[in-house]
Structures are given as structure tokens and as C-alpha cells.
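J.: The following block contains the structure, expressed as C-alpha cells.
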Amino acid sequence: MAAENAVDQSNLRDFARVEELQRAGHAEPDGTMRYVLSVPDVHCGQCISTIERGLNGLEGIVSARVNLSLRRVTVVLDSAERSPDFVLARLDSLAFPATPVDLGDLGNVAEKRKTEELLKALAVAGFAAGNIMLLSVSVWSGAAGASRDLFHLISGLIAIPVVAYSGRVFFSSALQALSVRRLNMDVPISLAVILALLMSVYESLTGGEEAYFDAAVTLLFFLLIGRYLDQLMRDHARSAVLGLSKMTARGGTVVEPDGTLSYKPVDEIEPGMLLRIAAGERIPADGRVVKGASDLDRSLVTGESVPVAVTPNSDVEAGTLNLTGAIDIAVTRKAEQSFIAEVMQMMEAAENGRGRYVRVADRMARIYAPAVHLLALFAFIGWMIATGGNWHASLYTAISVLIVTCPCALGLAVPVVHVIGAARLFGQGILMKDGSALERLAEADFAVFDKTGTLTTGTPRVAASGIVDEDASAARALAQHSIHPASRAIAAYFADSGEAEIADVREEPGYGIEGSFRTSDGEMRRARLGRYDWVRRISAGAAADSAASGSGLAFAVEGGAASGFVLSEALRVDAAEAVEALRDQHMDAEILSGDSEAAVREIGRRTGISAQRAGVTPAYKIARIQALHADGWRVMMVGDGLNDAPALAAGHVSMAPSSASDIGRMAADFVFTRESMMSVPFARAVAVKAGNLVRQNFGLAIIYNCIAVPLAVAGFVTPLVAALAMSGSSIVVVANSMRLTRGGGMLPVWKPGAVAAEEDEVLA
């Protein structure tokens, strides 16, 4: 009966786990389903290889990628109809039990628990090592016979339970690997510790002169130091993602159709729902304000600390903080599809790319574990022959070889750099999709820029107007009835003017907006704002200024002269400085734009880019990038629009601003959220430094093995020294990777309203 209950409980847990996983699935635009699983037992390159080889190739699985720092597996299934239960079953069979991860849970609690357990095991091993060392001093000082045997016995009574408790970190991982007939890095470590302990017990029971309890426990102590420091480094590398997760809303207050309020968790909030956001609350999903006005702190999204005012019809993003007043928003996208969720997915994917260096590290880690055991076996056999059967010395040497050759440093060489690089970029408002993009960005040597929305802000503004003061209020009133970007620019330009009372307002699609207002003499007259040729129809003859016909946008009161506007488009902040910085990094640049030749030439002059191609189509952009590739250039494409998406995908690497279209952001390898164009050279500087650090890490790992392995095989390295060397090599690699957090400069702080120093570009 008890067995049946146990089975029922197990089945119930499995059912609940699958149901939770299905709810946490994310539908992709191509019809596939993406699932994210927390796998806490992943800790080395061999684990990554085992999981990915075990999942990839199974029917229904499009791809499976392991994130080492977050200890997560991202699995993409071919359709929403396919149940993900077989993925969980396969991971269980590989000895990597997994649990689903939703948008707001990054496994932080489990990671904290694991860090605490490591610290406890480290403390116990350190305390025991100190006491056993004191007992060993008496033996080293000359204790013999019964006294020596007593000290050995006491040392054994301390060491055996300590090794069982503190060593379970390595033993449990090794047993899981062996249970599915594979090897990982913890197998040789566990074997070495157990062999050292068994040798010591044998020597103590047979009255031997030497026991190695101090070596076994101290060895475990130093191994745990390395593992604990490695865990701390990973926690630090994960801090950007975890911090972002903590600042996202867990749910929101929904206004029901009957006016009642109810709280719903974030995964139950659907598009079309009405949310009430009080002051001090974070917005749980992307939406549009339908009632109320407030100021928002958008620093989580853009990195800028200046509050932004929102009113009805303003779009708001998930993760932003409502500061001053209550607002009602209509949800436009589910939380898992919001911009902040997109940011988190990019951050989580920092290690998932399979660049050249990652593939090299994976191949080396895959063959390392069996090679270590073979090398230790050969060392044991060789020493048995050389010493005439002295199994003590031979086993002692084999233990040292098992420990010193653990490839932890090699497994950390690439992913740590990529995660730290992603965190460094994120701190400056730059989002990276995967580590391979970081490698490709470092290789880029030619920059291709789109113009509108990339080098420029893409938002028109009024530089000058010929409208007389008495008509300004009517122009403002008409402009406020339209959502056209030019109308918004006119409304902002006349913000200090009064607002006339407008009646019978109607918008003529493709032409402009018309209404009637009362003039100073009390008459009702029509007024138009829009295309010059349409506006002229109610005006008295020719335009009062050349701006009307020059910009194509005009305003007129019935019977009066048509007055025009000079529209302008400001450069992005630091656009010229960014181009100069790229030139200092030995990169050439070119502008590809669909705009007029005069407009493109002007932007080229102001940014210092002499190579310009105007009036080009999306197909031409792709052809030009391919031609540059054929000439040996590695192109970095920087664009924002829907028409830039094919070119972004065609580039060797690509970047887009967060203001880009959804398709543009999806196609780009990097997305920068700040207004400054210095994001582009900053990202490349970090990428170049990251590439240098990866190569240095490989060099350090290879040098360590070239020195340590021959010394261990030759018998010059004790197990204790081997543990110190192995842990030290991992710490050195991680510490070298942490250098990426320093240097490289900082991006300038953008202030709203900042414009280029030179005159604005006149739009044709």
C-alpha cells in the first residue's frame, strides 16, 4: 500500500510538472514552442555536451541549448500540439532532473540554497582539516607505536564523516553520471578523494607508519574552495538577469467589466484586459494608457533616469515604474511577449550561441573525462613497473593525476567571458542575443548604417514656420486632432500658443485635417493643415513663403495665404563621435538609405561618412552587403526599420535601436536602448576585449595542463598540491574573465531634448 501511495505521489508530481511546463511554454512566430527548464545539476562542459547530445535529434525537438551560468536548458519543439513530457523524461534518464521556469522565476531560491550548502560543506571540511593537521603534527614530530596508531584512529574518526558530508557535492554528481553510464569532471575528483581516504584507513588498520587523512580532508577543503568561488562568480555573472527579474511585476490589478477589481498573476494577464496601476507599482505587461496621467520611471527599459510623462493614448512598457498618479492601461501584449521579457530572453541567451571558441571548448571537454582516467591508469601501471610493485606510491601518483587534470578551467574559458560581457553591455543599455554574436562583432571591420531612425532620431520637428501669431492657436488645435508624426511636431512647436476652439473637425486620409474656428472678427472660417496642394484650395492664391512648397506641408485659413513649415530631423546624440570612434577601431563606414540624395549627403557630411548610397531598396542593401562580403569585408549592419530587417539578417553581425520595429529587433544580434550612438563603438570595444580574454583563457588552461600533467605523472605533485593547482587554475581563468568588467569607457548620459550641435537636416 505504501508503495502504491509512493507511485501515486510520483505520478502526481510528474503530472503537475508537465502541466506547469505547458503553461510556461512560449509560442514562437514560426509555430514552434519554446520551453525553459531549470537543471541545477549542470556545472561543467561535459554536462552541457551530455544534455545537448541527449536531446538534439529526438523526434519533435528542433533545438536544445544549455545555459551554464543560469543552469537552464532551452528546448524548442516543432509544434504547440506536442506535449513536452518526453523532454522531462529524457532529462531524468540522463540524471539531470528538471523543473519548468516561468517569466518571473529564474531559480534564484535553488541557487541560493546550493551556495549555502557549498559554504556549509566548506566550513565543515576546513574545521576538520585544521584539527586533523594538528594531530598529524604529533606524528610528524616523532610519535610512534601505539601513540601514532591512536592519532591515526582519531584522525580517521574525524575524516570519514567529514568526507561523507562535505564530499557529497562531488559524490552525488559523480553517481548520477555513472548511473547513466557516462563520465563527468566530478568522477575523477570523487575517485581521488575516496582512494586517498581508503588508503588512510588501510594504513591505520594495519599499523602503517603513514596515513593520508590530512591529505584527503585538506584536498576536499581546497576543492570546495574552488567550487564555492566558482559558484560566487556565476552568481555575480547572473546578477544582471536576476536583478531584472526581481524588478518585474508578479501580477496586476484587473478592472473587470462590471467595475470590480481583481488581482491576477502575470501569466494570466491577457491582451484586451484593463489594468489599474497605482503610484509606486510596476507595469506587468505592455499596454496603452486609456485613463489618467502620470510620470513613469523608464530606467529599467532605457537606462535613463529622467521621468517620462504619459497621458491617454501613450504606450507603456512592462517593467516601468508608475511614479505619481493612478492610470488605467489596456493590455496590448502578454507579459511573456513584452519588451522586458525580450530583454530577459536576450540576457539568458548570452551563453547559448555556439561560436567558434565555444565549439572548441565543448569538443575538448567531451574527451577530457575519459582521457583523465586513462592517463591516471597509465600513471599507476607505469609507477608499479618502475617501483617494482610499490602500490602505495603508484596509487598516490594516480590520485594526483586524477585531480590535477580536471578540466574546470577549460570549461569556464568561454562561457564566463560571454556572460560577463553580456552583463557589461546590459549595464550600458545594450542587449546581446548570444555569445557567438560577441565573437562576430569583434571580427567586424566595415559598418553599414541606415539613415532615418538610426543615424537620425527619425522623429520630425518644426525648425521654422511662416504662420502669423493669430493663426498659431488654430494650427495647434488642428494638429492635436491628428496622430501623424508631423502633426505632433507642429503641436509641440506651438505648445506655448493658445488653443482655438475648433468645430467640425475631419481628417482627409493622405491629405490632412480640416476644421472650422471663429476668427477675431467673430466669423467661422475653415482651416486646413496638411499637403500644400490640398491646403492651397482654400487659400487666396500663392503661398506666403517658400517653405510651404519646399516641405510639402502647409496651413491656411479660408481666404488667407498658405503658410508652410520647415521640418527637420536631428542626428542621434553623438552620431558623429560614434563614427569617429569606429574609425579609431579601424572600421570603414557607409550609409545605405532609401531617402533622397540631398538628405543622405547632408547626414554624411555631418557624421563624417563620405561613402553614401541614396534611394536604395531593401534588395539593394542585401546585394551591397553581399558584395562587401565577397570583397573580404565583415559587415556590421546598423538599422531600425522593417525594410532593414533583411539587411540586418544578411550582415556578419547587426545592431538595432530599441525604437526599431519588432521585426528589426528580432533580426538584430544586439539591441541598444539608449539614444546615444556611442553604444555601437562601445559594444565593439567590449567584444574585442572579450575575444582577447577568451584566447588568454585558452592559453592559461593549456599552459596549466602542459606544466601540471607531466609533473603529476612524474610524481612531483601530491594530491594536496594538485587540488591547489586545479582550483587555482579555475580561479585564475575566472579572475582573468572579470577584467572585462573594467575599462572600455562608459557611454555618455543622454538628456531629453539634446540635439546635434549643427543645423538640422531639412527633409525633402
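Every number here is computed from the coordinates shown, using simple stated rules; none is lab data. This structure is a prediction, so every number in the text was calculated from the model and none was measured. Don't worry about glycine lacking a Cβ; one is built from the backbone with ideal geometry, like all the others, and counts go over all protein chains shown.
J.: Quickly rank 82-90, 672-680 as a protection proxy: mean count of other C-beta atoms within 10 Å, highest first.
T.: Packing order, densest peptide first, comes out as 672-680, 82-90.
J.: Please work out how much length the chain gains when fully extended from residue 692 to residue 620, using 0.36 nm per residue of separation minus the C-alpha to C-alpha distance, in nm with one decimal.
T.: 22.4 nm
J.: In what order do 256, 597 fall by count of nearby beta-carbon atoms within 10 Å, going from fewest to most?
T.: 256, 597
J.: List residues of the range 25-58, by number, whose backbone nitrogen lies under 18 Å from a label position 7 Å along Cα→C-beta of residue 172.
T.: Correct set: 38-44, 47.
J.: For the pair residue 702 and residue 371, what calculated FRET efficiency results from E = 1/(1 + (r/R0)^6), where r is the Cβ-Cβ distance and R0 = 22 Å, to the nearest 0.05?
T.: Once rounded, the FRET efficiency stands at 0.95.
J.: Show the residues, 5+ positions off or on another chain, whose built amide H is closer than 5 Å to the amide H of residue 672.
T.: Those qualifying (amide H under 5 Å, at least 5 residues apart or on another chain) are 431, 656, 658.
J.: Quick one: if the Förster radius is 45 Å, what FRET efficiency do residue 526 and residue 270 give, using the C-beta to C-beta distance and rounding to 0.05?
T.: 0.50
J.: Just to check I understand the Karplus step: with θ = phi - 60° and J = 6.51 cos²θ - 1.76 cosθ + 1.60, what whole-Hz values come out for the range 312-320, glycine and proline as x?
T.: Result, rounded to whole Hz: x, 6, 7, 7, 10, 9, 4, x, 6.
J.: What ranking of 558, 470, 59, 514 emerges when the number of other C-beta atoms within 10 Å of each C-beta is taken as an exposure proxy, fewest first?
T.: 59, 470, 558, 514
J.: For residue 78 and residue 93, calculate 0.36 nm times their separation in residues minus their Cα-Cα distance, and state this gained length in nm to one decimal.
T.: This chain segment gains 3.2 nm when fully extended.
J.: For the range 616-626, take each phi angle, set θ = phi - 60°, evaluate the Karplus expression 6.51 cos²θ - 1.76 cosθ + 1.60, and give the result in whole Hz per residue in order, putting x for glycine and proline.
T.: 8, 9, x, 5, 5, 4, 5, 4, 5, 4, 5
J.: Further question: To the nearest 0.05, what FRET efficiency results for residue 508 and residue 330 with a Förster distance of 22 Å applied to their C-beta separation?
T.: Calculated transfer efficiency: 0.20.
J.: With +1 on each Lys and Arg Cβ and -1 on each Asp and Glu Cβ, how big is the dipole of the range 581-698 about its Cα centre, in debye rounded to the nearest 20?
T.: Using only the charged Cβ atoms, the result is roughly 320 debye.
J.: For the range 469-522, how big is the tail of P(r) above 17 Å, as a whole percent of Cα pairs?
T.: 33 percent
J.: Return the long-range amide H neighbours of residue 326 (sequence gap of 5 or more, or a different chain), with a cut-off of under 5 Å between placed amide H atoms.
T.: So residue 326 has HN proximity to 279.
J.: Report, by chain and number, residues whose modeled amide H sits under 5 Å from the one on residue 567, excluding near sequence neighbours (fewer than 5 apart, same chain).
T.: Excluding prolines and chain starts, which carry no amide H, the hits are 463, 763.
J.: With a point put 7 Å past each Cα toward its Cβ, work out how far residue 313 is from residue 711 in nm, to one decimal.
T.: 7.3 nm
J.: Still on this model: Rank these for me by crowding, 621, 114, going from fewest to most other beta carbons within 10 Å.
T.: Listing 621, 114 from fewest to most nearby Cβ atoms yields 114, 621.
J.: Residue separation times 0.36 nm, minus the C-alpha to C-alpha distance between residue 443 and residue 630: what's the value?
T.: The span from residue 443 to residue 630 would gain 65.8 nm if fully extended.
J.: Take peptides 192-202, 697-707 and line them up by average Cβ neighbours within 10 Å, highest first, as a rough protection proxy.
T.: 192-202, 697-707
J.: Give 334/433; 120/689; 291/334 a once-over and call out the pairs whose C-alpha atoms are over 30 Å from each other.
T.: Over 30 Å apart, Cα to Cα: 120/689.
J.: Okay, moving on. If Lys and Arg each add +1 and Asp and Glu each add -1, what is the summed charge of the other residues whose beta carbon sits under 12 Å from the beta carbon of residue 511?
T.: Summing Lys and Arg as +1 and Asp and Glu as -1 gives +1.
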